[in-house]
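Here the structure comes first, spelled out in structure tokens, and everything after it is commentary.
The values are calculated or read from the model by the stated rules, or taken from the named source; none is laboratory data. What you are looking at is a predicted structure, and each value in this text was computed from that prediction instead of being measured. Reconstructed Cβ throughout: ideal geometry from the backbone, glycine too, with neighbour counts over all protein chains shown. Surface accessibility is based on the protein's heavy atoms, side chains included, excluding ligands, DNA and RNA. Shrake-Rupley method; radii C 1.70, N 1.55, O 1.52, S 1.80 Å.
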Amino acid sequence: MTESKTVPGACPLDCPDGCSWLLTIENGAAVDMRGNPDHPYTQGALCVKVNQFLEHTRAPDRLLYPLRRVGAKGEGKFERITWDEALTEMAQRLTGIVDRYGGEAIWPYQGTGTLGFLQGLQGRAGSRLWNVLGASEHDMTICSIAGLAGLEYTLGTSRGLDPEGLRDSRLILLWGTNTLSSGHHLWKPIQQARRAGAQVVAIDPVRTRTAQQADEHVAPLPGTDAALALGLLHVVVTMGAEDRAYLERHTVGWEQFRERVMEFTPARVARLTGLDEAVIVSLGERLATTRPTAIRVAQGIQRHAGGGTAVRTLACIPGVTGDWALPGGGLHYTTDGYFGGNREALYRDDLRPGPVRSLSMTRLAEGLLEAADPPVKALVVYGANPVASSPDQNRIRRGLEREDLFTVVMDHFQTDTADYADLVLPATMQPEHMDLHDGYGHLYLTWNEPAVPPPGECLSTTETFRRLARHMGLTEPSLYDSDEELARQLLDSEHPSLEGITLEHLRKNGWARLAYPASFAPYKDGFPTPSGKLEFLSERAAAEGLDPLAGFTPAREVSDPELAGRYPLVLLSGASHFFLNTVFGNKPKLRRRAGDPYVVLHPLDAAARGITAGDPVRVFNARGSFTAAARVDDTVRPGVASSPKGHWPKLHDGFGVNATTEERDADMGGGAVFHDNRVEVEPIDRPSRDED
Ligand SMILES: Nc1nc2c(c(=O)[nH]1)N[C@H]1C(S)=C(S)[C@@H](COP(=O)(O)OP(=O)(O)OC[C@H]3O[C@@H](n4cnc5c(=O)[nH]c(N)nc54)[C@H](O)[C@@H]3O)O[C@H]1N2
Ligand SMILES: Nc1nc2c(c(=O)[nH]1)N[C@H]1C(S)=C(S)[C@@H](COP(=O)(O)OP(=O)(O)OC[C@H]3O[C@@H](n4cnc5c(=O)[nH]c(N)nc54)[C@H](O)[C@@H]3O)O[C@H]1N2
Ligand code: SF4
Ligand SMILES: [Mo]
């Protein structure tokens, strides 16, 4: 007789939608996975990527056993060893390094492979162990930090409007975000709003899937969004449409900010953004007269030198129009700050022997090649694939080639990064371990119950670190807490968002909405800034050496005319519809759908280079190059090229888009600047038929 049961789980991937899924288990094996129909945000649908997740768990190339390198670093030759051998070697090497160089010589390099509070990034899995050892702190700069920092100056927090509240909006600006690819569940509330008459405007240099489905597409030059924001506000103020009562009661620095706004006339903004003046005025007029207006801004916009400032300034718009006081009005960047769980209890930074240095995730090459005092001697990579995903791939490879560096990679697959490891450790996937997630695009907690035994000898991240601690002879009791104990510690919080939420309920139901009302305006009555008001003018920014006033900081490479002479095209490398960062970059079905790496060129730019559609081309700058097939169409502006992230270099020519991107910080938080990147593109000469 078949024994069948349904087990609730959570999508672990770095996606705002934080889906809840249901697994059907028959005779101990997972036979079906579908979106949880009861989850108010997932509503029964996953996505084109995760619809293939069960196949992913059973992929023939999945890592099942610990491996030790036998070839050269990067060559990819390994032999199977036992867990005991792997952990004994790891314990000995780490202990030796700590004794000789101090704990800071260890760099725990955690990525976004899973966001879980137990196994992944949100809980900084492994943090207790690293704290006991006094390891360097891993500064998670790769994704959203510049925007988070920008929001802090304006709002005192990164919390914005409830994404489900978009259904109440009447004008929706999808600003630097490709919703239909990078978090498509938001499309439901957007469509609800549209049915009630709302208009949707996509603001993106690329005519993405999302821009194609919007009512209007506005395509500014990359890195000029803050100027556009100020130009739109110029129109609002010129029309006298600013909300004076709101400005008076809930904002600081309006007089000075107003002066700045008045400097950004539509004519000037047209020059800065490359848009027609009429486009700016028309959108400004709709912003002035449509309440509530919602801005959905995501990460794409802040991967520029001025990215933090851009998000800081965008968050000022609803302060001028008064939208922050209205349900369905305001701005949404991330909802992560709404979950008031006890994160400190998981991290246990109090276990550190003293202050430790921090190393930036997006400066891996610098850390490996230049850090001194102490040098980085051990790199433990988990949930990350920096050779493909972090900037300046060629320098990263040089860093990873260091013979004196001890590298451990914990992953599901033999990635480009794993090829440089001394030890590769096989990790469990979501149906095989326990986890708890929030979402960064909604207000629900989602539970992930282990449903099937791990294949081969895969171990969860928590279990790997518990066993490593034992091999190292560490006695700190909290290193041995079970997964369930960790989940309870996280939920043990007085924060009002957790009122009425218990582990038992989560486990049974699979999800719970945080204790916020169904419809609310977060800033009707004030802001969590030092002044209690929205700060156009920020003393904290001034104290940190930044412009006290929200404004416009130009991109670096995008706006460098000398560099533009050599590298005339700005390369944007946003989300692929078929991969999630580099996850699924090795899945045959999704690779087929994604096609080989390509670069989109405007017909004028292609013609000027003698390139026609389908031609193999080399995309290059002084940092490196990769090859791709040319796509020629007008979904990009002249001067802009686009090539999605996520391909595995080793499955192509050994290089990816990040061979061209620079290891350089944005204006705030040390954020990455993937899109602030100039390149040139040239045809690759194919041997002519005569030469064959
Ligand atoms: N399918 C899929 N979904 C994903 C991901 C994925 O790889 N694939 N990645 C996940 C992750 S890690 C994240 S952080 C989120 C990111 O979510 P998004 O920020 O929505 O995604 P991106 O594609 O990085 O960037 C969005 C858009 O920003 C545009 N852009 C670039 N520069 C500028 C600019 O200066 N101004 C404006 N206005 N637009 C600009 C790009 O053309 C791109 O279309 O998505 C998550 N979801
Ligand atoms: N050019 C360009 N580069 C970008 C971006 C861009 O827009 N343009 N976006 C950036 C952004 S937003 C981000 S967030 C980063 C992402 O960069 P990374 O954080 O490095 O993410 P991935 O490259 O997807 O690598 C994640 C790895 O984790 C593994 N993994 C998944 N789950 C688990 C698990 O449970 N345990 C273990 N041990 N491993 C697991 C996966 O198999 C995969 O190899 O990329 C950045 N890189
Ligand atoms: S990747 Fe995003 S949309 Fe797809 S299942 Fe996961 S959370 Fe949902
Ligand atoms: Mo990200």
- request: Order these peptides, 299-305, 479-485, 633-639, by their mean beta-carbon neighbour count within 10 angstrom, highest first.
  value: 299-305, 633-639, 479-485
message: Quick check: residue separation of residue 622 and residue 519 times 0.36 nm, minus the Cα distance between them. What number comes out in nm?
response: 32.0 nm
- prompt: Under the Kirkwood approximation for Rh and a Cα-based Rg, what ratio Rg/Rh is obtained for region 561-683?
  reply: 0.96
- prompt: What nm distance separates the two modelled labels at residue 562 and residue 357, each placed 7 Å from Cα along Cα→Cβ?
  reply: 3.1 nm
- prompt: All other residues with a Cβ under 11 Å from the Cβ of residue 511 taken together, and with Lys, Arg as +1 and Asp, Glu as -1, what is their net charge?
  reply: +1
message: Can you give me the accessible area per residue for the chain, using a 1.4 Å probe, in Å²?
response: 36 Å²
query: Ranked highest first by average number of other Cβ atoms within 10 Å, how do 93-104, 11-22 line up?
result: 11-22, 93-104
statement: Percent of all Cα-Cα pairs per 20 Å bin for the chain, counting from 0 up to the last occupied bin, reads 18, 52, 28, 2
field: Gyration tensor (alpha-carbon) shape descriptor, region 362-411, a/c threshold 1.5
entry: oblate
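Translational D (Stokes-Einstein, µm²/s) of region 145-333 at 25 °C and 0.890 mPa s when Rh comes from the Kirkwood sum over C-alpha pairs? Walk me through the numbers before you get to the answer.
On the way: Rh = 16.1 Å.
For the chosen part, D equals 152 µm²/s.
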field: residue 213 paired with residue 485, simple spin-label distance in nm, labels 7 Å along Cα-to-beta-carbon
entry: 4.6 nm
task: State the extension gain, in nm to one decimal, for the chain segment bounded by residue 26 and residue 457, taking 0.36 nm per residue of separation less the distance between their alpha-carbons.
output: 153.0 nm
field: Residue list for region 330-365, given a label point 7 angstrom along the Cα-to-Cβ vector of residue 139 and an amide N cut-off under 19 Å
entry: 349, 354-365
message: Within 12 Å, Cβ to Cβ, of residue 258, how many net charges do the neighbouring residues add up to if Lys/Arg are +1 and Asp/Glu are -1?
response: -2
Virtual spin-label span in nm between residue 196 and residue 372, 7 Å along Cα→Cβ: 6.2 nm
query: Counting only protein chains, not ligands or nucleic acids, how are 429, 1 ordered by accessible area (probe 1.4 Å), most first?
result: 1, 429
task: Using the 4.7 Å Cβ rule, please list in number order the cysteines from the chain without any candidate partner.
output: 15, 47, 143, 316, 458
message: Quick check for me: using +1 on Lys/Arg Cβ and -1 on Asp/Glu Cβ, what's the dipole size of region 561-683 about its Cα centre, in debye to the nearest 20?
response: 620 debye
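Please report, as a whole percent, how much of the solvent-accessible surface of the chain comes from carbon and sulfur atoms (probe radius 1.4 Å).
The value for the chain is 49 percent carbon and sulfur by accessible area.
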task: For the chain, compute the number of Lys pairs whose alpha carbons are separated by less than 21 Å, excluding pairs fewer than 8 positions apart on the same chain.
output: 14
